[in-house]
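Visitor: My structure is below; once you've seen it, I'll send some questions.
Bear in mind these aren't lab numbers, they're just calculated from the coordinates by the rules spelled out. Please read all numbers here as calculations on a predicted model, not as lab measurements. We place every Cβ from the backbone using ideal geometry, glycine too, and count neighbours over all the protein chains shown.
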Amino acid sequence: MKVAIIGTGNMASGLAHTLAGAKHEVIIGSRDPAKAAALAEKVGQGAQGGGIAAAAKLAEVVILAIPFGAAADAIKDAGDLAGKVLVDISNPISADYKTLVIGHTTSAAEEIQALAPEAIVVKAFNTIFAQLLPTEARQGKTLQVFVASDDEAAKGQVSGLAQSVGFEAVNAGSLSNSRFIEPIGEMNIHFGYFLGKGPVVAPAWVQV
Ligand SMILES: NC(=O)c1ccc[n+]([C@@H]2O[C@H](COP(=O)([O-])OP(=O)(O)OC[C@H]3O[C@@H](n4cnc5c(N)ncnc54)[C@H](OP(=O)(O)O)[C@@H]3O)[C@@H](O)[C@H]2O)c1
């Protein structure tokens, strides 16, 4: 699949490496195209890097690997997103990581959908720490990625991406369920950083 990754930070780098390793066509986009090119060079395996609009234009799926607060800028920079699957991986957290800055009646994913009404927004990966994106870091454990969207086909595409890099994709229902998935991400941050477990934990929904 042709996947654009917007950003060059922890999640962007982890996703770029793991997706390129699974033979996806990775195009990294950054507000600093030189940073995207440098990351693409590091990733290798045919990854390309450049500006945000150029990356988005080439891809079927565009992953926003940036802070929620940067989404409006990045969406503006991306240009025409009509019909593209736009993946929101964000946890809309405060500067001290300790709380969410939006919720209850909306979510980061729904706000992003409002900013990009022509795109098809899918929530995914927000409960997976960057440290667990490399397959080998998971030490044989299958972690769950909660996938929410109002579009079943787009949900299927993003679930397929997650499965292709060794995750179990869990159908988490409509995009508005991001109101509940984002607090799970925040709780995972508390377990990882404030309750001593380290950034190597992930939530799972267990069916008995
Ligand atoms: N880290 C994790 O373990 C983790 C886990 C789950 C979800 N998430 C979510 O994933 C997202 C990225 O997190 P991260 O840890 O990868 O962050 P990060 O390492 O700080 O990287 C953030 C990236 O966003 C870019 N950026 C910032 N402002 C921007 C703007 N206005 N326009 C375009 N790009 C902008 C930065 O570009 P510059 O380099 O140019 O500043 C950088 O490449 C966040 O929404 C976070 O909540 C993170």
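Visitor: Among 101, 121, 26, whose mean-square fluctuation peaks in a Gaussian network model of the chain (Cα, cutoff 10 Å)?
Guide: Ranking 101, 121, 26 by mean-square fluctuation puts 101 first.
Visitor: Return the long-range amide H neighbours of residue 122 (sequence gap of 5 or more, or a different chain), with a cut-off of under 5 Å between placed amide H atoms.
Guide: Correct list: 86, 87, 88.
Visitor: Considering only the stretch 70-175, what is the antiparallel percent among its DSSP beta bridges, to the nearest 5?
Guide: Values: 3 of 11 bridges.
Taking every DSSP beta bridge within the stretch 70-175, about 25 percent pair in antiparallel fashion.
Visitor: How many nm separate the modelled label positions at residue 105 and residue 137, each set 7 Å beyond the Cα in the direction of the Cβ?
Guide: Going by the 7 Å Cα→Cβ label model, 3.7 nm.
Visitor: For the chain, with a Gaussian network of springs between Cα atoms less than 10 Å apart, report the residue from 189, 52, 102 with the top mean-square fluctuation.
Guide: Comparing 189, 52, 102 in a Gaussian network model of the chain, the most mobile one is 102.
Visitor: Tell me, what HN-Hα J-couplings in whole Hz come from the Karplus equation 6.51 cos²θ - 1.76 cosθ + 1.60 at θ = phi - 60° for each residue of the stretch 121-129, using x for Gly and Pro?
Guide: After applying 6.51 cos²θ - 1.76 cosθ + 1.60, I find 7, 10, 8, 6, 6, 6, 9, 10, 5 Hz.
Visitor: Student exercise: in the chain, how many lysine pairs 8 or more apart or on different chains have Cα atoms under 19 Å apart?
Guide: Going through the chain pair by pair, I get 16.
Visitor: Can you tell which of 113, 139, 45 shows the greatest fluctuation in a Gaussian network model of the chain with Cα springs below 10 Å?
Guide: 139
Visitor: Could you run the Karplus curve 6.51 cos²θ - 1.76 cosθ + 1.60 with θ = phi - 60° over the stretch 178-188 and give me ³J(HN,Hα) per residue in whole Hz, x for Gly and Pro?
Guide: Ordered by residue, 3J(HN,Hα) equals 4, 4, 9, 6, 5, x, 5, x, 5, 4, 5 Hz.
Visitor: Tally the DSSP beta bridges in the chain and give the antiparallel ones as a percent, rounded to 5. Provide the component values of the computation, followed by the final result.
Guide: Details: 3 of 27 bridges.
Expressed as a percentage, antiparallel bridges in the chain total about 10.
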